[in-house]
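A.B. asks: Can you keep this structure in mind? I'll have questions shortly.
The values are calculated or read from the model by the stated rules, or taken from the named source; none is laboratory data. Predicted, not measured: the structure shown is a model, and the values here were computed from it. So basically every Cβ, Gly included, is an ideal-geometry build from the backbone, and we count neighbours across all protein chains shown. Calculation scope for accessible area: heavy atoms of the full protein, side chains included, ligands and nucleic acids excluded. Shrake-Rupley method; radii C 1.70, N 1.55, O 1.52, S 1.80 Å.
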Amino acid sequence: YYTRTLNLHVNSQVHSNFNTARSLGMRVMEISHGAYAAEVSALFASRDTSVLLIPQGGADASAQEGVAALADEICQWQSENRIEHLHVVTPSGTGTTAFFLAKALPYPCYTAPVAGKTAYLLEQMRALGEIPDNLHVISTQKKYHFAKPYREFLEIYRELLSCGIEFDLLYAPKMWLALWEHYAKIEGTVLYIHSGGVQGNGTMLQRYDYKGWR
């Protein structure tokens, strides 16, 4: 795993996705911030066919195959449940999943930029191809900084948890808040695609504890 130089706090977090991956055999290659972009570009330029290189965030055309399989499952689910008007929702980091879902599905698809602004998300998507007409980028009126704790994020996490489903605290809260703000304009059944990542909730909840919000 090629990453920019890590701080001591990341290395000290026992219950985190990062250290779980290390315990499973992930080798960490730390690169200084100044040299990171050049070294990663050199890796991809090497074209070593014996190595599979996956960009940060999974922003790669090879993701299309897996997302197409997910789209087939969604279509089957829609048919089996006889749902007439389906709307598919999933949050976006790089936007790769949302982009390829919209390409593969005949339904309206909604996503919200979580790791950056809308303009940045659209730029990321255009690197994959022409943005499908059925893909709608929505967002919240309030601006949020990525990975920063917010009271409303914790509140919606708890509300969803009380319904029996745990969502991640990094991507899902902003997507759900954006969905609530735009829900009145959506006519039909909404299917939310859970993006996982709940193992990282332990360290995120610690940050809420530090603020005294739990």
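A.B. asks: Going through Arg4, Arg47, Arg82 one at a time, which residue ends up being farther than 30 Å from Trp180 by Cα and at pLDDT 90 or above?
C.D. replies: That would be Arg4, the only listed residue that is farther than 30 Å from Trp180 by Cα and at pLDDT 90 or above.
A.B. asks: Which ranges mark the strands (runs of 3 or more DSSP E) fully within the range 99-214 that have 3 or more residues being more than 28 Å from Ala68 (Cβ to Cβ)?
C.D. replies: Ranges flagged: none.
Residue-by-condition table, conditions (1) without any contact (Cβ under 8 Å) to a residue 12 or more places away in the chain; (2) closer than 16 Å to Val89 by Cβ; (3) among the aromatic types (Phe, Trp, Tyr):
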| site | (1), (2), (3) |
| --- | --- |
| Ala119 | yes, no, no |
| Gly129 | no, no, no |
| Gly164 | yes, no, no |
| Leu179 | no, yes, no |
| Tyr183 | yes, yes, yes |
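A.B. asks: If you scan the range 172-198, which residues turn out to be touching a Ser or Thr at 6+ places or on another chain (Cβ under 8 Å) and open to solvent by 70 Å² or more (accessible area, probe 1.4 Å)?
C.D. replies: Of everything in the range 172-198, just one residue is touching a Ser or Thr at 6+ places or on another chain (Cβ under 8 Å) and open to solvent by 70 Å² or more (accessible area, probe 1.4 Å), namely Glu181.
A.B. asks: Still on this structure, please answer the following. Name the residues in the range 86-98 that are within 11 Å of Tyr192 (Cα to Cα), touching a helix residue (DSSP H, G or I) at 6+ places or on another chain (Cβ under 7 Å) and part of a strand (DSSP E or B), would you?
C.D. replies: Passing the criteria: Leu86, Val88, Val89.
A.B. asks: Looking only at the range 92-117, which residues are open to solvent by 30 Å² or more (accessible area, probe 1.4 Å) and modelled with pLDDT of 95 or more?
C.D. replies: Thr97, Lys103, Ala104, Pro106, Pro108, Tyr110
A.B. asks: Among the candidates Gln56, Gln76, single out the residue that is open to solvent by 50 Å² or more (accessible area, probe 1.4 Å) and at pLDDT 90 or above.
C.D. replies: Gln76
A.B. asks: Return the residue satisfying two criteria in turn: it lies in the range 15-51 and is exposed (fewer than 10 other Cβ atoms within 10 Å of the Cβ) and among the basic types (Lys, Arg), and of such residues it is farthest from the chain's Cα centre (by Cα).
C.D. replies: The extreme case among them is Arg47.
A.B. asks: Only one of Asp168, Asp209 is closer than 23 Å to Leu101 by Cβ and either of a type in the set (Asp, Glu) or loosely packed, with under 13 Cβ neighbours inside 10 Å (or both). Can you tell me which?
C.D. replies: Checking each option against the conditions leaves just Asp168.
A.B. asks: Residues in the range 42-57: is at least one touching a helix residue (DSSP H, G or I) at 6+ places or on another chain (Cβ under 6 Å) and closer than 25 Å to Ala172 by Cβ?
C.D. replies: Checking the range 42-57: not a single residue is touching a helix residue (DSSP H, G or I) at 6+ places or on another chain (Cβ under 6 Å) and closer than 25 Å to Ala172 by Cβ.
A.B. asks: Can you name the residue in the range 59-73 that is surrounded by 14 or more Cβ atoms within 10 Å (Cβ to Cβ) and farther than 19 Å from Tyr192 by Cβ and, of all such residues, is nearest to the chain's Cα centre (by Cα)?
C.D. replies: Restricting to residues being surrounded by 14 or more Cβ atoms within 10 Å (Cβ to Cβ) and farther than 19 Å from Tyr192 by Cβ, the top hit is Ala59.
A.B. asks: For the range 137-148, check the following and say yes or no: at least one residue is touching a residue at least 24 places away in the same chain (Cβ under 8 Å) and buried (at least 20 other Cβ atoms within 10 Å of the Cβ).
C.D. replies: So far as the range 137-148 goes, yes, one or more of its residues are touching a residue at least 24 places away in the same chain (Cβ under 8 Å) and buried (at least 20 other Cβ atoms within 10 Å of the Cβ).
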